[in-house]
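The values are calculated or read from the model by the stated rules, or taken from the named source; none is laboratory data. It should be emphasised that the depicted structure is a prediction, and the values quoted were computed from it without experimental measurement. FYI the Cβ positions are ideal-geometry reconstructions off the backbone, even for glycines, and counts take in every protein chain you see.
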Amino acid sequence: MKVLVTGGAGFIGSHVVDGLIEAGHEVVIVDNLSTGNRRNLNPKAIFYEMDIRDPQLRTIVATEKPDVINHHAAQARVLTSLALPMLDAEVNILGSLNLLECGRDFGVRKFIYISTGGALYGEPEYLPCDENHPIRPISPYGASKHTVEHYLYLFNKNYGLNYAILRYPNVYGPRQDPAGEAGVVAIFSHQMLNGERPVIYGSGEQERDFVYVEDVVRANLLVMASGDGGTYNLGSGRGTSVNELFAMMKAIIEYGQDPVYEPPRKGEVFKICLDGTKAKIELGWKATVSLQEGLERTVDFFASELPSSSSRLKLAL
C-alpha cells in the first residue's frame, strides 16, 4: 500500500516511515521541518516540504493517491500551547481538518490519527487510564488533540472515511530531540553525556508511562489492517517517576552529579500511565522493550552522536 505520513521527518514519524518501508509499503512524507530534521528522512520515501495547513496539500494527495494517511504532524508542546493556544488550534485542529478533507475527497481508505494519552485525560481519577476514562485535558494541546478525535468520528459517519486512533504515552528512543520539552529521556541523555546537570521540574515524583519507539512503530503497522473505528491507548500500564528515571540513566551513563530542581511547569499532569489492554486484545499489541533496555539503546545512540565518540561516554564526575 501507499502511505502518506505527516511529520515523517520527526522523531516518531521517521521511525514509523522506516517500519513501513521495511514492511514493503510505499511512503510519501509531508513535513514542514519546523521540528523535523532532514537527516531523519528515509531516502526510499518521497518527500514534500509542506505545512499541513497549506491548501496545496490537496494537490499532493490528489497526485500521490495514498491508500492510508498516517497523521503524526502536530504542535506537540504543552508550554507552546499554553502560550499560543490559537497557533496550537490552527495546526492541530485546522491542519488535521485540511488533511481529513483531502482523505475524504481523494479516496483514502484509512486515516490513522496519532492522539495523546499523556495530555488528554487530565489529572487521572484512576490509574492506569483506559479508553473509558473521563477526558478533562488541562492544556490546549490536550484539548486540540481530542477535538480531532470527534471530527474523525463524524467524517466516518457522514462520508465513510475509515479511521483508527492511537493515543501515545511518553515515547522515547533514538532521534528524539533533546531541545523538545516532552523528551525527558533525550534531554537527560544530552545533559548527562555533556557533563551538564539535568533540570527536574517539581519534586521529581511526577510519573509518566515510558514506551520505546520501536513498540509504537509496531502498533502503527498493526493498525493498518485492524482496529477500524477504534481508539487505543498504547501504554505499559506502569508509571515511572522522573526521579526513578534519572537514577536509572545515572547508573547507565555512570554520571556523578545530582539534578537541579526547579518549580513545576503549568499544564502538565502529575501522574499518568495508560492501560494497553484494549490494544492487546484487538490489535495484538503490547509494549515489549523494557525501560532498562530502551534507555540503554537510547543512551548508546546519543553517545554515538557525540564528537569523536565511538562508544558510550562514561562520566564519573
Just one of 293, 262, 268 is acidic (Asp, Glu) and over 20 Å from the mean Cα position of the chain (by Cα); which is it? 262
Of the residues that make up the range 244-264, is at least one closer than 22 Å to residue 128 by Cα and either touching an Asp or Glu at 6+ places or on another chain (Cβ under 7 Å) or part of a loop (DSSP other than H, G, I, E, B) (or both)? no
How about the range 156-178: which of its residues are within 13 Å of the chain's Cα centre (by Cα), not in a loop (DSSP other than H, G, I, E, B) and not aromatic (Phe, Trp, Tyr)? 165, 166, 167, 170, 171
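Going through 149, 64, 49 one at a time, which residue ends up being under 22 Å from residue 216 (Cα atoms), of a type outside the set (A, V, I, L, M) and in contact with a strand residue (DSSP E or B) (Cβ under 8 Å, 6 or more places away or on another chain)? Working first, answer last.
On the way: 64 fails: under 22 Å from residue 216 (Cα atoms); 49 fails: under 22 Å from residue 216 (Cα atoms).
Being under 22 Å from residue 216 (Cα atoms), of a type outside the set (A, V, I, L, M) and in contact with a strand residue (DSSP E or B) (Cβ under 8 Å, 6 or more places away or on another chain) holds for just one of 149, 64, 49, which is 149.
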Within the range 174-184, is even one residue of a type in the set (S, T, N, Q) and surrounded by fewer than 23 Cβ atoms within 10 Å (Cβ to Cβ)? no
Those residues that are touching a His at 6+ places or on another chain (Cβ under 9 Å) and either farther than 17 Å from residue 168 by Cα or not in a helix (DSSP H, G or I) (or both), I need them from the range 128-155; list them, please. 135, 137
Sole exception among (1) of a type in the set (Val, Ile, Thr); (2) under 27 Å from residue 138 (Cα atoms); (3) outside the structural domain of residue 161 (by TED's automatic domain parsing) for residue 252, by number: (2)
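Going by what's in this entry, would residue 169 be described as in contact (Cβ under 8 Å) with a residue 24 or more places away in the chain, touching an Asp or Glu at 6+ places or on another chain (Cβ under 6 Å), closer than 24 Å to residue 115 by Cβ and buried (at least 17 other Cβ atoms within 10 Å of the Cβ)?
Working: in contact (Cβ under 8 Å) with a residue 24 or more places away in the chain: yes; touching an Asp or Glu at 6+ places or on another chain (Cβ under 6 Å): yes; closer than 24 Å to residue 115 by Cβ: yes; buried (at least 17 other Cβ atoms within 10 Å of the Cβ): yes.
In short, yes.
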Farther than 26 Å from residue 9 by Cα, part of a helix (DSSP H, G or I) and at pLDDT 95 or above, is that true of residue 220? no
Would the range 179-202 turn up any residue that is charged (D, E, K, R), outside the structural domain of residue 80 (by TED's automatic domain parsing), in contact (Cβ under 8 Å) with a residue 40 or more places away in the chain and not in a helix (DSSP H, G or I)? yes
